[in-house]
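Quick notes on the structure that follows.
The values are calculated or read from the model by the stated rules, or taken from the named source; none is laboratory data. As the structure is a computational prediction, the values presented were derived from the model and not from experiment. Here the Cβ is made from the backbone with ideal geometry for all residues, glycine too, and neighbour counts use every protein chain on show. These accessible areas exclude ligands, DNA and RNA; they are computed on the full protein's heavy atoms, side chains included. Shrake-Rupley method; radii C 1.70, N 1.55, O 1.52, S 1.80 Å.
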Amino acid sequence: MAIENPSRAELGAILKKAKRIAVVGLSNNPDRTSYMVSEAMQKAGYEIIPVNPTIDEALGVKAVASLKDIEGHVDIVNVFRRSEQLLDVAKEFDEIDCDIFWAQQGCISEEAYQFLKEKGNTVIMDRCIKVEHALTK
């Protein structure tokens, strides 16, 4: 099964509706891509929830160790992890209340994609959320 992302118009609609983004692999290092992208999304008005067991906080927000530690609904899980780790993140995503699984540019896993699509989830892979936000606002 080939990975098929939603159209740019659909991505725009997703981003306009979303408010809370959990960022798996968010670094507290301002030089890291995950930090820069998440900071831009935070400045655009999104609530960012850092998901990283190795940090205490990022972007002024207390980090949680896993997706299961987040209270309440999450609109998007944005993943900054290596492609081979996406299936594990997808399985954890399946255990929480969230609408969209979004793997950042360069992150692709057919196995994770199939797992989530079979459960009816919206899945985006190999796309930068910051770029899509800029292109669709």
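Cα centroid distance between the stretch 91-137 and the stretch 1-57, in Å?
Spelled out, the Cα-based centre of one part sits 11 Å from the other.
Between residue 88 and residue 131, what FRET efficiency follows from the Cβ-Cβ distance if R0 is 41 Å, with the result rounded to 0.05?
Details: r = 25 Å, r/R0 = 0.62.
Efficiency at R0 = 41 Å is approximately 0.95.
Could you tell me what percent of the DSSP beta bridges with both partners in the chain are antiparallel, to the nearest 5? Please list the in-between numbers first.
Working: 2 of 20 bridges.
Bridges in the chain are about 10 percent antiparallel.
Filter the GluC sites (Glu not before Pro) in the stretch 61-137 down to the DSSP loop ones having no more than 14 other Cβ atoms within 10 Å, then list what survives.
Filter output for the stretch 61-137: 71, 95.
Can you show me the helix-derived [θ] at 222 nm for the chain, built from DSSP H runs with n ≥ 4 at -39,500 (n - 2.57) apiece and divided by the number of residues, rounded to the nearest 500.
Taken over the chain, the calculation gives -9500 deg cm²/dmol.
How much of the accessible area of the chain, probe 1.4 Å, is carbon plus sulfur, in whole percent? Walk me through the intermediate numbers first.
Numbers: 3220 of 7140 Å².
In the chain, the share of accessible area belonging to carbon and sulfur is 45 percent.
Taking 19 Å as the cut-off for C-alpha to C-alpha distance, list the pairs among 43/137; 17/117; 19/119; 16/130; 17/119; 16/137 that go past it. If you can, show how the numbers build up before the last one.
Values: 43/137 14 Å; 17/117 21 Å; 19/119 23 Å; 16/130 13 Å; 17/119 21 Å; 16/137 8 Å.
Result: 17/117; 19/119; 17/119 exceed 19 Å.
Kindly report the accessible area of the chain per residue (heavy atoms of protein chains, probe 1.4 Å, no ligands, DNA or RNA), in Å². Write down the numbers at each step before the final one.
Values: 7140 Å² over 137 residues.
Accessible surface, normalised per residue, equals 52 Å².
Return, for the Cα atoms of the stretch 69-119, the radius of gyration and Dmax in Å, separated by a comma.
Calculated on Cα positions, Rg and Dmax stand at 10.4, 29 Å.
Can you pull the percent of Cα pairs in the chain with separation above 25 Å?
When all Cα pairs of the chain are counted, 16 percent exceed 25 Å.
Identify all aspartates and glutamates with a Cα-Cα distance to residue 62 below 15 Å; exclude those on the same chain that are fewer than 8 residues away in sequence.
Cross-link targets: 39, 47, 71.
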